[in-house]
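K.L.:
One structure, as structure tokens, below. Some questions next.
Just so it is clear, none of the values below were taken in a lab; they were calculated from the coordinates. Here the structure is a predicted model, which means the values were calculated and not measured. Glycine also receives a Cβ, built like all others from the backbone with ideal geometry; neighbour counts cover every protein chain displayed.
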Amino acid sequence: MTTVLGDPEALAADVVRRAQLKAVQITEEAKRRAASILNAAEEESIALRRRSEEATEKQIRALSRRNAARAELEVKRRLAQLREEPIQNVWAATEEQLRKLVEQPAYLDVLKHLALRGAREIDAGDPVLAADPTGHKFLSSERLKEWSEEARVQFHRAAEPADTWGGLIVTSGRFRFDATFSTQLYLARASLRETVFQILSKGRT
């Protein structure tokens, strides 16, 4: 070291050597850091790509579920439409016929049938009959006596007609049988709706 300190050229050469060695060390360290950074960047890139793919896959699955749900709703809507169209047509035609029936002579036979049915349904006490305003006029004492003998009960005419456009209501104490046309149509429509639904459902499978 003394020789080097006393020899400017040797000192310069030693400084250069040390500088070169340090430069090599720095270069190697820089390469390692660069490689580490590149590896980390690649790993992050892969992770981001994976997360992106997973997110995309989730979005695709979510979209698929939404589309499937919309498709199922559309099928249900179409089934409901197919079910309601014939029911509406049948119901409208039937109501029209029944409204016309109220004004025809055959309406009296319908009222008798409904009164006898009501007596069987209630099966208690002496039934009171309240027909629509048109039919209520037909419930004379003589006619009710005839029906009573056939039904083996004692029919009575209500003081006021029923607030309906056809049919009658049979009551006995707390028992009540609604044989009005509107109620019977409602019940028939519910049954028809179920029948059509079952037919359409079988058609789907």
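K.L.:
Compute the length gained on full extension between ALA92 and HIS113: take 0.36 nm times their separation in residues and subtract their Cα-Cα distance, giving the result in nm to one decimal.
P.N.:
5.3 nm
K.L.:
Taking the Kirkwood radius as the inverse of the mean 1/r across Cα pairs, report the Rg/Rh of the range 123-162.
P.N.:
0.96
K.L.:
Under the rule of at least 5 residues apart or a separate chain, name every residue whose amide H is placed under 5 Å from the amide H of ARG157.
P.N.:
Correct list: LEU129.
K.L.:
Sort ASP178, ASP123 by Cβ crowding within 10 Å, fewest neighbours at the top.
P.N.:
ASP123, ASP178
K.L.:
Then there is this: With the calculation restricted to Cα positions, what are the radius of gyration and Dmax of the range 102-190 in angstrom?
P.N.:
My reading of the Cα-based Rg and Dmax gives 11.9, 37 Å.
K.L.:
Moving on. Return the loop-located trypsin sites (Lys or Arg not before Pro) in the range 96-160 (DSSP other than H, G, I, E, B) with at most 11 other Cβ atoms within 10 Å of their own Cβ; answer none if there are none.
P.N.:
Passing both the DSSP loop test and the Cβ count: LYS137, ARG152.
K.L.:
Turning to a different aspect of this structure: Would you grab the residues whose amide H sits under 5 Å from the one on LEU168? Only those 5+ places off in sequence or on another chain, please, with H modelled 1.01 Å from N.
P.N.:
For LEU168, the qualifying residues are ALA179, THR180, PHE181.
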